[in-house]
Amino acid sequence: MNIPQNRNQNNLKPKITALAITLNEEDNVKRYIQSLSFADEIIFIDSNSTDATVAIAKELGVKVIQRNFDDFSKQRNFAVEQAKNDWIIFFDLDEIITPELGKEIIAVTASQNKITAFYVKSNFHFMGKEIKYGGWKSKKSIRVFNKQFCNTNENLIPNTIPTNARTAILKENSNHYDYKSFDQYNERLNLISKLEARELYRKKVRPNGYHFFIRPVSFFMWRYMARLGFLDGKEGFILSYIHSFAVFKRYLQLWLMYRKME
C-alpha cells in the first residue's frame, strides 16, 4: 500500500512534506498516514524503534531515516533538512489530522498572503476523555510552516519552532490522543523535564526554594483551580497533579546537574 495521493492536480498548489519524530508508534502509524493523504511526501525520523513502526511505515510508502535521539531540537532540525518541499507540517503520531484540518492546511499553503507559519490547537484526550478545561484546550503549537521563513534553533523542548515571519492560528483543531498508559505518559513527562532542565542549565538558571516549593504548587492551583481543571473530574486532577510534579522534577534535575549528579 502506498501513500494516498491528493486528487487535486492544480499546479498552483505547493507541495507539502509531512515530518514526524517516531519511537515505538506501531499502534498509530497507519491512522496517522491515512490522515495525511494530502501530503506529497512523508518522512519519519525514527529513534531506533523496537516494535513494528518502521516496517509498517515503509510498507505504506513512508521514507524512514533512523537516527539516535539526542534531543527534540536536533531531531526536528535534521528532519527539516530532509524535506524536499518548503511547506512543512509537523505533527506527532498520536495526533489525528481531521479531513477539515487537512483542507484548511491545503488552502492556507496555497494562498498568496504573507503568513508563512500557522499555529494549530488540539482537542486533547487523556485517559479516554477529552479534556476541556485546565488550559489544555487553549494550547497551540506551530505545526504548519514554510521552512524558508522559520529558523532552526537549539531549543531542546518539543514543539517550539522559532520564526520571525507573520503567523496565524488555524480554525480547525487536530485530535490529540497523548495517552497509551500512565507509565508511558509519565515517562514522556520525565523526558521533557530533563530537557527543560538542560535548557535552564544552559541559560545558567540556578534553582532555589521558590522553584522547589512554590512553582509546583502554583502550577497545580493555576491548572486545577484558576483554569477550572476540576470540571474535568478525576482526569483533570490527575493531569494537573502529574504535570505539577513534573515541574518539581525539572528543578530537581537542574539541581543535580549543578552537583554533577545527573
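Mind pulling the angle between the C-alpha long axis of helix 182-202 and the longest principal axis of the chain? Nearest 10 degrees, somewhere in 0 to 90.
80
Indicate the gyration tensor shape class of region 178-262 (rounded, prolate or oblate), computed on the Cα atoms with a ≥ b ≥ c the square roots of the eigenvalues: a/c under 1.5 is rounded; otherwise a/b larger than b/c is prolate and the rest oblate. All intermediate terms of the calculation are to be shown ahead of the outcome.
Details: a/c = 2.98, a/b = 1.57, b/c = 1.90.
Oblate, because a/c is 1.5 or more while a/b does not exceed b/c.
Under 5 Å between amide hydrogens, which residues at least 5 positions from Ala52 or on another chain qualify, with H placed 1.01 Å from N in the peptide plane?
Here Glu26 satisfy the definition.
Which of the pairs Lys74/Lys204; Lys140/Lys203; Lys63/Lys137; Lys30/Lys63; Lys74/Lys147; Lys140/Lys171 have their Cα atoms more than 23 Å apart in this structure? Could the numbers behind the result be given before it?
Details: Lys74/Lys204 21 Å; Lys140/Lys203 25 Å; Lys63/Lys137 32 Å; Lys30/Lys63 14 Å; Lys74/Lys147 15 Å; Lys140/Lys171 12 Å.
From the list (Lys74/Lys204; Lys140/Lys203; Lys63/Lys137; Lys30/Lys63; Lys74/Lys147; Lys140/Lys171), the Cα-Cα distance tops 23 Å for Lys140/Lys203; Lys63/Lys137.
On a 0 to 90° scale, report how tilted helix 72-82 is relative to the longest principal axis of the chain, with both axes built from alpha carbons and the result rounded to the nearest 10.
10
What order, most packed first, do the peptides 249-258, 84-93, 200-209, 46-55 have when packing is the mean number of other Cβ atoms within 10 Å of each residue?
Details: 249-258: 18.4, 84-93: 20.1, 200-209: 12.6, 46-55: 16.4.
Going from most to least packed, we get 84-93, 249-258, 46-55, 200-209.
Per residue of region 251-261, what does 6.51 cos²θ - 1.76 cosθ + 1.60 with θ = phi - 60° give for ³J(HN,Hα)? Whole Hz please, x for Gly and Pro, Karplus curve as stated.
Result, ordered by residue: 7, 5, 4, 5, 4, 5, 4, 5, 9, 6, 10 Hz.
Report the local net charge at Gly61: Lys and Arg +1, Asp and Glu -1, summed over other residues whose C-beta lies under 13 Å from its C-beta. Spell out each step's value before the answer.
Values: positive: Lys30, Lys58, Lys63; negative: Asp40, Glu41, Glu59.
With Lys, Arg at +1 and Asp, Glu at -1, the neighbours total 0.
Share of the chain's accessible area from carbon and sulfur, percent, 1.4 Å? List each step's numbers first, then the result.
On the way: 7080 of 13660 Å².
Carbon and sulfur atoms account for 52 percent of the accessible area of the chain.
Taking only the C-alpha atoms, wrap a convex hull around the chain and report its volume per residue in Å³ as a whole number.
Working: hull volume 35.4 nm³, N = 262.
It comes to 135 Å³ per residue, whole-number rounded.
For Lys84, give me every one of the aspartates and glutamates with a C-alpha distance below 15 angstrom, ignoring sequence neighbours fewer than eight places off in its own chain.
Filter leaves Asp40, Glu41.
What shape does region 33-101 take by its C-alpha gyration tensor, where a ≥ b ≥ c are the square roots of the eigenvalues and a/c under 1.5 counts as rounded, a/b above b/c as prolate, and the rest as oblate?
On the way: a/c = 1.62, a/b = 1.21, b/c = 1.33.
The shape class here is oblate.
Among 67-77, 103-113, 124-134, how do they line up from the highest to the lowest mean number of other beta-carbon atoms within 10 Å?
Numbers: 67-77: 16.2, 103-113: 14.5, 124-134: 17.8.
Ranking, from highest mean packing down: 124-134, 67-77, 103-113.
How many Å² of accessible area per residue for region 43-124, probe 1.4 Å? Present the calculation step by step, with values, prior to reporting the outcome.
On the way: 3420 Å² over 82 residues.
Each residue of region 43-124 exposes 42 Å² on average to a 1.4 Å probe.
Could you check the spin-label model distance between Phe212 and Lys129? Points 7 Å from the Cα along Cα→Cβ, value in nm.
Result: 3.4 nm between the two label points.
The values are calculated or read from the model by the stated rules, or taken from the named source; none is laboratory data. Bear in mind that the values here come from a model prediction, so they are computed numbers and not experimental data. When we count neighbours, we look across all protein chains shown, and the Cβ atoms used for this are built from the backbone with ideal geometry, even at glycine. Heads up: the accessible areas ignore ligands, DNA and RNA and are worked out on the full protein's heavy atoms, side chains in. Shrake-Rupley method; radii C 1.70, N 1.55, O 1.52, S 1.80 Å.
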